[in-house]
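Every number in this text was worked out from the coordinates using simple rules, so none of it is lab data. Here the structure is a predicted model, which means the values were calculated and not measured. Positions of Cβ are generated from backbone atoms using ideal geometry, with glycine treated the same way; all protein chains shown enter the neighbour counts.
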């Protein structure tokens, strides 16, 4: 490959990464719908999400060129294992939160992850944070609150669920930071294969103890689990992991606030759930916040 083509490729990489991030956000926005339609419990659904996606990443890992070793150096295992632990913690906390609080509370509090990513990125990786970026992040979070609307409420009855949802935000924020670090030395397939394998080992006993029944009882039930694993996780989360090697973790996390916007739209189209004018305005506010965060990242 000539030096000119290499330079051209480097210039195109951020645009390709942003496209991958946005496409990944679209794919994972279907996750809530798949979980809603699943025949098995929410944590069991999370287990099958990870286990059924594992062969996809393993197959991609096996096809990697010999020049990029599939087995990571021993000292780097900790980042790959941590990715799986953080993903498992996120899914367990988020799914449990739905049992003890409203869906609105769970969605809003879980999507506070960009705050933790921004703070963690600044403390651990010295990623700069500008006022414009903070303004964009704040606007996107306000837009997410508008999406939830009047359904959000704080009460003693919901305290446990709210804390679990906030814990899920911390886990997911940590997952993004860990994956960002892991992608500095490892391919997307390596990070995702390890994350899926480790999280499956954590989720299996948790699902069995919490819910008991581990298997879907119909072909449609297995179809939902396959859709969640292959489309939302292997496709969506895989694209996001690819993008994290080329985009700031803080900006990526803010962009993922597209997920509740798209989830609301798809629930309206596919499940006939109401979409109010206030929610539509909230979606526009989220998009404006993401635009400002992108401007700040390019500055």
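Brief remarks on what is shown
- Here the label points at residue 213 and residue 184, each 7 Å from Cα along the C-beta direction, are separated by 4.7 nm in the simple model.
- In plain terms, the chain from residue 16 to residue 123 could stretch by 35.7 nm, reckoned as 0.36 nm per residue minus the Cα-Cα distance.
- On full extension, the segment bounded by residue 163 and residue 269 gains 35.1 nm, given 0.36 nm per residue less the C-alpha separation.
- When each of the peptides 236-243, 114-121, 183-190, 220-227 is scored by how many other beta carbons lie within 10 Å of its residues on average, the order from highest to lowest is 236-243, 114-121, 183-190, 220-227.
- Projected area averaged over orientations for the range 171-299, convex hull of C-alpha atoms, nm²: 10.1 nm²
- Taking every Cα-Cα distance in the range 79-131 and sorting them into 10 Å bins from zero, the calculated P(r) comes out as 21, 39, 31, 10 percent.
- Note on residue 220 and residue 77: the extension gain reaches 47.7 nm, defined as 0.36 nm multiplied by sequence separation minus the Cα-Cα distance.
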